[in-house]
Amino acid sequence: MTFSTTNQPANNGRRKGSKNKRSAFSDDIIAETLVQLGKALSEGSPWAIQEVSKQTHPALKVITPSDSVNGQLLALKVDVAKVMANVNAAQKIGRQRMKASDLFDDK
């Protein structure tokens, strides 16, 4: 649901000056970590270069031609996933249509 300019919830948004809750580390620890990482980068440490490059340049994904065997296999997997989603949806609808008396067989 989208809110119009006249329909706004009270006290929306976060308070001024509040910080993200993403990190459980203090600002001092983060600052020291960045200093150490900067030193390691300036010294040419391979681990530091790898970690920074992982964050700044993510690995490229392989592009599979659709007419290759792998491309056909991927297309079949997508088709199977669609069929399974339809089967699951049909089963869910079928379960919803069942009566409570159908669940118990007192015969």
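Values in this text are rule-based calculations from the coordinates and carry no lab data. No experiment lies behind these values; they were computed from the predicted model shown. Heads up, the Cβs are rebuilt from the backbone with ideal geometry, glycines too, and the neighbour counts pull from every protein chain shown.
Quick notes
- Positive-end ranking of SER45, ILE63, PHE25 along the dipole of the range 18-66, with charges on Cβ about the Cα centre, is headed by ILE63.
- Calculated FRET efficiency for the pair VAL62/GLN36, C-beta based, R₀ 25 Å, to 0.05: 0.10
- Under 27 Å of direct C-alpha separation, and excluding same-chain neighbours fewer than eight residues apart, LYS92 reaches these lysines: LYS77, LYS82, LYS107.
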